[in-house]
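The values are calculated or read from the model by the stated rules, or taken from the named source; none is laboratory data. Just so we're clear, the structure is a prediction, and the values are computed from it rather than from any experiment. Note: ideal-geometry Cβ built from the backbone for every residue, glycine included; neighbour counts use all protein chains shown. The area values use the complete protein model at the heavy-atom level, side chains included, leaving out ligands, DNA and RNA. Shrake-Rupley method; radii C 1.70, N 1.55, O 1.52, S 1.80 Å.
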Amino acid sequence: MHLANFTSMDLNKRIGEKIKQLRLEKNLSQERLAGLSEIDRTYMQSIEKGERNISINILFKISKALDIKMSTILENIENEL
């Protein structure tokens, strides 16, 4: 993707989709993942919708709750934009 066509919303949406995919693979509800990540359920919902530009700290909490590396969440995202 050419940088001129890139938006942070594209990245936020893709990261949210990946988190949702990984959550579903682990058979976790949004509420359960939010609890395990120590973040609010509505915040988790907005992350999965791509409405939030999450910090590295939040990404770390989510990856730990999913029992995966942060890099797993980010894997292949650059190629998909």
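Structural remarks
- Among N27, N79, F60 - extreme Cα towards positive end, dipole of the chain, charges at beta-carbon: N27
- Carbon + sulfur, % of accessible area of the chain - ligands and nucleic acids excluded, 1.4 Å: 47
- Rg ratio (alpha-carbon, reference 2.2 N^0.38 Å) - the chain: 1.05
- In percent, rounded to a whole number, the relative contact order of the chain is 40, using alpha-carbon pairs under 8 Å and six or more apart.
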